[in-house]
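Accompanying notes for the structure given below.
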Amino acid sequence: MNNPVRDKGVTGPKGFKAAGVAAGIKESGALDLALVVNEGPGQAAAGVFTTNQVKAAPVLWSQQVLKERKLNAVVLNSGGANACTGPEGFQDTHATAEKVAEVLGVGAIEVAVCSTGLIGERLPMDNLKAGIEVAAKELDSTTEAGLHAATAVMTTDTRPKQSFAAHPDGWSVGGFVKGAGMLAPNMATMLSVITTDAVIDGDALDAALRATTAKTYDRLDVDGGTSTNDTVLVLASGASGITPSAEDFQQLLTVVAGDLVKQLQGDAEGVTKEISITVNGAVDEAEAVVVAKTVAEDNLVKTALFGSDPNWGRVAMAVGRSQATVDQHKLGITINGVTLFSDGHKAADRSEADLSGRDIEIVVDLNLGDGTATVLTTDLSHAYVEENSAYSS
């Protein structure tokens with residue numbers, strides 16, 4: 001498998017065009033509307049969506065259309081989430097899909113819709129519809145077009161995030177993602193579109209995406225907030241003419257998704273530390289995830305790490321309050337390679353662990369079974385609080 005590169009995205013695989021334009025949804029005049037089109041010959045698609053019970057209108061729409069496992073296009077906007085906007089908001093989403101269908105000459109049921117931004121406000125539909133017309137005219141298969149699409153979905157992100165990887169047999173996977181806060185996906189991370197030119201049917205695509213999501217997007221937890229709009233879509237054009245094995249396809253899909261998630265971690269709101277939390281020896285994998293996420297979301301742990309303080313006591317507290325099986329007499333905690341706590345006792349002075357750099361690795365050993373999992377997170381900094389306290393103003 002080739003290593004992923006970040007100079008290509010959704011237009012890397014054959015059969016796809018994209019565009020990113022300024023539709024006037026954002027007052028800043030920045031790019032705020034993206035369009036990704038699958039030109040086939042195949043049109044298989046799959047998606048995973050937020051587990052939040054408060055779902056944005058675009059999520060409800062896209063869940064419906066993807067029951068057919070087929071998409072011709074995805075339209076995405078930043079500058080407004082279209083969440084908690086009632087029946088009118090759903091009508092706006094429907095109208096958005098119909099406008100894309102009109103300009104492309106396809107059915108609205110073949111168009112997924114994604115939105116991101118502030119919750120609770122209606123979208124400026126005149127601007128959005130006009131933007132769709134402009135985007136349709138600017139559709140291109142160039143690398144630049146893919147980058148524009150990745151840029152148009154940004155909100156508090158500081159940079160676009162895309163990834164691409166090719167298989168030696170001649171097929172590839174590419175994609176983009178946006179997200180910087182409200183990240184505890186439990187299915188996907190904010191908005192992501194992934195494309196492939198492999199020949200694969202919708203059911204196989206769905207199975208691969210769900211297996212991949214569980215190991216990538218679901219293992220990033222910046223702040224414990226599961227968005228109302230989280231969506232990950234994968235579209236297959238079949239333009240390579242090559243049918244990969246299920247194993248090969250999922251492996252390359254995971255490579256690209258994992259790279260996108262790593263970029264999300266590095267650009268999270270206020271991030272000064274990129275933290276990985278690995279839990280070994282849990283009763284099973286599910287319990288390992290529970291422990292890792294509890295540590296990842298704990299504010300006392302996150303503030304200690306912001307201060308470069310290897311306070312293993314806070315980690316032990318978070319492990320113990322998780323809903324997983326834990327025996328403190330078998331517990332071990334290692335931070336940046338130094339075992340600070342072992343078998344229920346202090347094992348070394350905390351000053352021996354150097355947290356002065358950006359990367360921090362915490363390893364928790366439960367010594368109860370074979371379950372293991374790694375969750376990525378970030379610290380809780382002054383900048384995170386400042387950014388989120390002013391988000392809607």
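The values are calculated or read from the model by the stated rules, or taken from the named source; none is laboratory data. Just so it is clear, the model here is predicted, and its values are computed rather than measured. Because the Cβ atoms are built from the backbone with ideal geometry, glycine has one as well, and the counts that use them run over all protein chains shown. The accessibility values were calculated without ligands, DNA or RNA, using every heavy atom of the protein model including side chains. Shrake-Rupley method; radii C 1.70, N 1.55, O 1.52, S 1.80 Å.
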Next item on the list: Could you please give the count of residues in the range 220-254 that are more than 12 Å from the chain's Cα centre (by Cα), aliphatic (A, V, I, L, M) and either under 26 Å from A56 (Cβ atoms) or crowded, with 20+ Cβ neighbours inside 10 Å (or both)?
Entry: 6
Next item on the list: Identify the single condition in (1) of a type in the set (F, W, Y); (2) touching a residue at least 60 places away in the same chain (Cβ under 8 Å); (3) out of contact with any Ser or Thr (no Cβ under 8 Å at 6 or more places or on another chain) that F306 does not satisfy, given that it satisfies every other one.
Entry: (3)
Margin query: Condition first: within 21 Å of the chain's Cα centre (by Cα), among the hydroxyl-bearing types (S, T, Y) and more than 19 Å from V295 (Cα to Cα). Now tell me which residues in the range 341-391 satisfy that.
Written below: Y391
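Can you find a residue in the range 34-56 that is of a type in the set (S, T, Y), under 16 Å from C114 (Cα atoms) and modelled with pLDDT of 95 or more?
No: zero hits.
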Notebook entry, point to check: Taking the condition on the phi < 0 side of the Ramachandran plot and touching a strand residue (DSSP E or B) at 6+ places or on another chain (Cβ under 8 Å), does A318 pass?
Noted result: no
Note to self: Given the condition at pLDDT 95 or above and surrounded by 24 or more Cβ atoms within 10 Å (Cβ to Cβ), answer yes or no: does some residue in the range 101-110 qualify?
What the structure shows: no
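Condition check ((1) among the acidic types (D, E); (2) over 19 Å from A288 (Cα atoms); (3) in a helix (DSSP H, G or I)) across all residues:
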position: I194; (1), (2), (3): no, yes, no
position: D203; (1), (2), (3): yes, yes, yes
position: A211; (1), (2), (3): no, no, yes
position: G224; (1), (2), (3): no, no, no
position: T228; (1), (2), (3): no, yes, no
position: V232; (1), (2), (3): no, yes, no
position: L235; (1), (2), (3): no, yes, no
position: G238; (1), (2), (3): no, yes, no
Next item on the list: Go through the range 304-352 residue by residue and tally those that are surrounded by fewer than 19 Cβ atoms within 10 Å (Cβ to Cβ), assigned to a helix (DSSP H, G or I) and at pLDDT 95 or above.
Entry: 5
Next item on the list: Consider E269 carefully, then state whether it is touching a residue at least 12 places away in the same chain (Cβ under 8 Å), closer than 17 Å to V375 by Cα and surrounded by 15 or more Cβ atoms within 10 Å (Cβ to Cβ).
Entry: no
Item checked: Scope the range 210-219; condition open to solvent by less than 10 Å² (accessible area, probe 1.4 Å) and in contact with a strand residue (DSSP E or B) (Cβ under 7 Å, 6 or more places away or on another chain); matching residues -> T213, Y217
Next item on the list: Output the number of residues of the range 291-303 satisfying the condition of being in a helix (DSSP H, G or I) and either in contact with a Lys or Arg (Cβ under 8 Å, 6 or more places away or on another chain) or buried (at least 21 other Cβ atoms within 10 Å of the Cβ) (or both).
Entry: 9
Checklist line | Any chance T85 is open to solvent by less than 10 Å² (accessible area, probe 1.4 Å), farther than 16 Å from L128 by Cα and among the β-branched types (V, I, T) | finding: no
Note to self: Of everything in the range 169-185, what is at pLDDT below 95 and over 10 Å from the mean Cα position of the chain (by Cα)? Give them in sequence order.
What the structure shows: G181, M182
Next item on the list: Take the range 188-209 and flag every residue that is at negative phi, at pLDDT below 95 and open to solvent by 10 Å² or more (accessible area, probe 1.4 Å).
Entry: none
Note to self: Tally up the residues in the range 353-389 that are part of a helix (DSSP H, G or I) and either of a type outside the set (A, V, I, L, M) or open to solvent by less than 60 Å² (accessible area, probe 1.4 Å) (or both), please.
What the structure shows: 7
Margin query: Of everything in the range 229-251, what is of a type outside the set (D, E, K, R) and within 21 Å of P160 (Cα to Cα)? Give them in sequence order.
Written below: N229, T231, V232, L233, V234, L235
Check: Is it true that S276 is exposed (fewer than 15 other Cβ atoms within 10 Å of the Cβ), within 26 Å of Q263 (Cα to Cα) and among the hydroxyl-bearing types (S, T, Y)?
Finding: no
